[in-house]
Amino acid sequence: MSEIMIQGGRRLEGELHIAGSKNAILPIIAATLLCRDTVYLYNCPKISDVVLMIQILRQLGCRVIWDDKVLMIDTSTLNSSDVPAHLVSQMRSSIILLGAIIGRCKEARIGMPGGCQLGKRPIDMHLDGLRKMQVEITEYEDFIQCMTLNLQGAQIHLNMPSVGATENIMLAAACAQGTTTIHNAAKEAEIVDLQDFLNACGANITGAGTKKIIIHGVSELKGITYRIIPDRIVAGTYLVAGAITRGNIILNDVYNRHMQATINKLRAIGCHINEEQNKVILSVAKPLKGIGLKTEVYPGFATDMQSQFLALLTTCNSISHVKENIFDARFKTAKELCKLGAHIIVDERKQIATVHPTPHLIGTSVEAMDLRGGAALVLAGLVAKGCTNVKNIYHIQRGYEDIVRDLSKLGANIWYTEERK
Ligand code: EPZ
């Protein structure tokens, strides 16, 4: 299955269950390396980024069993601190293993994560924080060598609230000597989930969700059973699917409090949204209008929802301006949306996209350029006239369990197909 086909034109209606969060499970899988026995994780999303993380843990000597309901990870058999470059290059977020491996082994060797479709994505804040904790780091052409004789807590000030740097420092600090304070920390819901997981294992961390996180190092962590929070970005993506088709959808098993920025922007466009306990209900009863939108750090409007909104704003009846403030090249999907007939003008220097109303999109062949951009192209295909063919869907499978299964459940005319040779 390497391509998705969508016959556009159907209003989506129905209910969906939202799976566990990719951006919560990845750092928590890394955190299991700090426990020297077995962890059981529930609500783990069946996505390819998790499959890759499991491959890496097995490469390090861990035992991992993943059945339908639970992911069992036993790191007592860990026998390596060397993460192969070819695995890191497939998933840059595997850099999140660095802090945990150093916390466990006091040394680590990891492939240098490349940039990606979103821009440069340096890791200077990760490395600066670890150096402050007395980790000696040597950067080679395509890998990083780390070692420490005595992992020490430190006062760490992040230049910007980097999610990955915050998580890597939390992981290294959990079992370090003394106390670490992270100033200007990222406040994402997934960082709170990581704190909750670590504290359940016996760590002593406070402040996640605020800009100051304090970690008192402990001597060891014990394996536990834990349930991952739902994925707020997958949930937001499916709300946009309902909005773009002027449909009526219900999302179950979501944490509304994690999605307020997305919900507020959908209301600003003209969608009607009801919220109940762990449930969000969207309907559209009037014409949708363009808005001004800027991506911000959490709890502001998520950069991971930007591409999906580009597709939605294309169908609104007035102009929109979208400013990307987090990544330096996250408008690559605009070009693909324009192949479908969208009228989006991107100022690369300012990272601003101007979205002009387009009466209707016309289905054609387009290419997923990254995870959320690929999802955005599927959303556009839901309303394009005729058939839309989305290629390179491996990007989408990194973060969505089965977007075809889910949208079909809501009534979309969508299916997988093999790549035409
Ligand atoms: C996490 O990436 C998420 N990934 C991203 O989700 C998300 O877009 C991003 O946070 C922002 O919310 C995971 O959680 C696995 P950052 P991360 O460090 O940690 C710059 C998705 O679609 N920066 O907060 O890599 C960086 O270049 C993915 O699920 C430095 O300059 O994001 C970027 O411009 C995409 N130096 C900005 O900060 C550093 O040392 C935000 O990066 C680190 C980051």
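The values are calculated or read from the model by the stated rules, or taken from the named source; none is laboratory data. What you see is a predicted model, and the numbers here were worked out from it, not measured in a lab. Neighbour counts run over all protein chains shown; Cβ positions are idealised from the backbone, glycine included. Accessible surface areas use protein heavy atoms only, side chains included; no ligands, DNA or RNA. Shrake-Rupley method; radii C 1.70, N 1.55, O 1.52, S 1.80 Å.
Summary table below
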| item | result |
| --- | --- |
| Neighbour cut-off at most 10 other Cβ (10 Å), DSSP loop, trypsin sites (Lys or Arg not before Pro), segment 91-147 | K120 |
| Degrees separating the helix 371-383 axis from the principal Cα axis of the chain, which is the longest one | 20 |
| Antiparallel content of DSSP bridges confined to the chain, in %, to 5 | 70 |
| Counted charge near E220, where neighbours are those whose Cβ lies closer than 11 Å (Asp, Glu -1; Lys, Arg +1) | +2 |
| Rounded to whole Hz, the Karplus (6.51, -1.76, 1.60) HN-Hα couplings of segment 395-406, x for glycine and proline | 4, 5, 6, 5, x, 10, 4, 6, 5, 5, 4, 5 |
| 5 angstrom amide H check on D82, placed H, neighbours 5+ away | R109 |
| Residue-by-residue Karplus 3J(HN,Hα) for segment 326-340, coefficients 6.51, -1.76, 1.60, Hz, glycine and proline x | 9, 10, 9, 7, 10, 10, 4, 6, 4, 4, 5, 5, 5, 5, 7 |
| Square roots of five times the Cα gyration tensor eigenvalues for segment 22-227, Å | 22, 20, 17 |
| DSSP bridge orientation in segment 101-211 - percent antiparallel, rounded to nearest 5 | 65 |
| Per residue value of the accessible surface for the chain (all protein chains in place, 1.4 Å probe), Å² | 39 |
| Listed pairs K279/K409; K22/K187; K323/K385; K265/K332; K294/K335; K120/K335 exceeding 26 Å between Cα atoms | K323/K385 |
| DSSP bridge pairs, segment 311-421: antiparallel proportion in percent, nearest 5 | 70 |
| Percent accessible area from carbon and sulfur atoms, segment 1-119, protein chains only, probe 1.4 Å | 49 |
| Cα-based helix-to-principal-axis angle, 260-269 vs the chain, degrees rounded to 10 | 10 |
| Size of charge dipole - segment 22-227 - debye, nearest 20, with Cβ of Lys, Arg +1 and Asp, Glu -1, no other charges | 260 |
| Between segment 243-269 and segment 98-139, the Cα center-to-center distance that results, in Å | 36 |
| Whole-Hz couplings from phi, Karplus 6.51/-1.76/1.60, listed for segment 240-250; x for Gly and Pro | 5, 4, x, 5, 5, 9, 6, x, 8, 10, 10 |
| Nearest 10 degrees, 0 to 90: helix 189-200 Cα axis against the chain principal axis | 30 |
| Ordering of 289-299, 374-384 by burial proxy (mean other Cβ atoms within 10 Å per residue, highest first) | 374-384, 289-299 |
| Segment 317-352: trypsin sites (Lys or Arg not before Pro) in DSSP loop, at most 13 other beta carbons within 10 Å | R349, K350 |
| Protein-only accessible surface order, largest first, of E418, E107 at 1.4 Å | E418, E107 |
| Sequence of R398, R11 when ordered by accessible area, the most exposed leading, probe 1.4 angstrom | R11, R398 |
| Other-chain or far-sequence residues with amide H under 5 Å of K294's (modelled H) | K323 |
| Magnitude of the charge dipole, segment 356-421, Cβ model with Lys/Arg +1 and Asp/Glu -1, debye to 20 | 120 |
| Compactness of segment 1-59, expressed as Rg and Dmax over alpha-carbon positions, Å | 16.5, 53 |
| Under-5 Å amide H pairs with G61, H placed in peptide plane, nonlocal only | N79 |
| Ellipticity estimate at 222 nm from DSSP helix runs (n ≥ 4, -39,500 (n - 2.57)) divided over the chain, nearest 500 | -9000 deg cm²/dmol |
